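Working notes for the structure below.
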Amino acid sequence: MAKEVSNGGNHVSTKPPPEPSPLRRAKFFQANMRILVTGGAGFIGSHLVDKLMENEKNEVIVVDNYFTGSKDNLRQWFGHPRFELIRHGWYSLQFHQSKEILAYHLIRILLTSTSEVYGDPLVHPQTEDYWGNVNPIGVRSCYDEGKRVAETLMFDYHRQHGIEIRIARIFNTYGPRMNIDDGRVVSNFLAQAIRDEPVTVQLPGTQTRSFCYVSDMVDGLIRLMEGENTGPINIGNPGEFTMLELAETVKEMINPDVKIVTVENTPDDPRQRKPDITKTKELLGWEPKIKLRDGIPLMEEDFRKRLGILKKN
Ligand SMILES: NC(=O)c1ccc[n+]([C@@H]2O[C@H](COP(=O)([O-])OP(=O)(O)OC[C@H]3O[C@@H](n4cnc5c(N)ncnc54)[C@H](O)[C@@H]3O)[C@@H](O)[C@H]2O)c1
């Protein structure tokens, strides 16, 4: 049976979705589990590890090459009998070559994809059946197209080998342990305001993003892994802010004396981003709980500690 999907207003026919794998209903989460978190020393990964470690049935192994992550994010688990940290690079090629992984039929794999697969979207808010509007040769393309091809490969393995997959399309996430100078907008603005440096809004400033607090994100990812739906599914907070609004909020909450300045933008910056989470609510029973104004102070505390800058009275 062909299914009609919307793609920026063009209606096209697609093949039906793959048959559910026989492993779909396996009782993964009632058993003792060994969970591998690649990139677990990073921002989202380390919060995921914290949550997984709360369950005494879980044994958690982290593989990370510390490219952008840090051991400090996992320090609380060092020496714990259910935790193991391995310094190692993980590459998709390894997965292709790992016949043992394919032969191991009790695995379920989560891909943390991204809202960037929608590119500069022509559909707003973005629903999962929108195919996106991505420049394949732009400066941002390696990330966007990399995630798109990762989704493709996940589905090929699912169809051809019955591998149990889950795909989350993560929208902007923020919170403690974010890399301070990684250039993401929330960390940028917060660090600038704390350091008393001008907050730099890229022009035109009316471009929008939606910001999900990290504990909500982790809750969504775990629900996706526990449920029966492969995704792709949007996980993000539908509260939408322009970059100028975000800068004003950070200024008001963190440093009312800080200046806000505008700077040139990078090419292909999406004009708007907001997840449609209808499917997420329906299939995962998930929606975000933490509002931006409640999340910013939690992140500020962590950033001040790491930057060694106390709040002025
Ligand atoms: N944070 C967001 O807003 C956001 C939005 C969309 C998607 N995502 C996706 O979520 C995932 C986690 O993002 P994050 O914000 O925590 O990023 P992060 O940079 O904090 O974490 C990534 C971790 O992966 C490690 N890593 C990178 N390459 C590796 C390799 N080859 N082998 C082993 N380890 C490697 C890094 O050292 C780091 O610890 C990423 O896949 C990212 O694309 C994040």
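The values are calculated or read from the model by the stated rules, or taken from the named source; none is laboratory data. This is a predicted model, so every value here is computed, not measured. Neighbour counts are summed over all protein chains in view; Cβ atoms, including those assigned to glycine, are modelled from backbone coordinates with ideal geometry.
A few remarks follow.
- For the stretch 154-173, a residue qualifies if it is part of a helix (DSSP H, G or I) and either free of Cβ contacts under 8 Å to residues at least 60 places away in the same chain or over 22 Å from Lys279 (Cβ atoms) (or both), and the qualifying residues are Met154, Asp156, Tyr157, Gln160, His161.
- Only residues that are under 24 Å from the mean Cα position of the chain (by Cα) and surrounded by fewer than 13 Cβ atoms within 10 Å (Cβ to Cβ) were counted in the stretch 254-304, giving 12.
- Meets criteria (under 24 Å from Leu48 (Cβ atoms), within 12 Å of the ligand (Cβ to nearest atom) and among the aliphatic types (A, V, I, L, M)) for Met154: no
- Residues of the stretch 50-73 satisfying the condition of being more than 13 Å from the ligand (Cβ to nearest atom) and out of contact with any helix residue (DSSP H, G or I) (no Cβ under 8 Å at 6 or more places or on another chain): Glu54, Asn55, Glu56, Lys57, Glu59
- Taking the criterion of being touching a Ser or Thr at 6+ places or on another chain (Cβ under 7 Å) and either under 13 Å from Gly295 (Cβ atoms) or more than 16 Å from the ligand (Cβ to nearest atom) (or both), the only residue of the stretch 178-191 that qualifies is Met178.
- The stretch 195-207, residues that are surrounded by 18 or more Cβ atoms within 10 Å (Cβ to Cβ) and either within 16 Å of the ligand (Cβ to nearest atom) or on the phi > 0 side of the Ramachandran plot (or both): Gln207
- Flag if Glu116 is under 21 Å from Pro275 (Cβ atoms), away from the ligand (no atom under 12 Å from the Cβ) and in a helix (DSSP H, G or I): no
- Number of positions in the stretch 243-253 that are more than 15 Å from Gln207 (Cβ to Cβ) and either within 19 Å of the chain's Cα centre (by Cα) or crowded, with 21+ Cβ neighbours inside 10 Å (or both): 1
- Odd one out for Arg108, checked against (1) crowded, with 18+ Cβ neighbours inside 10 Å; (2) within 21 Å of Thr173 (Cβ to Cβ); (3) at pLDDT below 95: (2)
- Residue that is farthest from Pro125 (Cα to Cα) [pool: residues in the stretch 157-177 that are of a type in the set (A, V, I, L, M) and within 11 Å of the ligand (Cβ to nearest atom)]: Ala168
- Condition broken by Ile137, with the remaining ones in (1) farther than 18 Å from Val250 by Cα; (2) surrounded by 21 or more Cβ atoms within 10 Å (Cβ to Cβ); (3) away from the ligand (no atom under 13 Å from the Cβ); (4) modelled with pLDDT of 95 or more satisfied: (2)
- When Lys279, Lys251 are screened for being touching an Asp or Glu at 6+ places or on another chain (Cβ under 9 Å), under 30 Å from Cys142 (Cα atoms), in a helix (DSSP H, G or I) and among the basic types (Lys, Arg), only Lys279 passes.
- Once the stretch 226-248 is narrowed to residues that are among the small types (Gly, Ala, Ser) and in a loop (DSSP other than H, G, I, E, B), the residue that is nearest to Ser210 (Cα to Cα) is Gly239.
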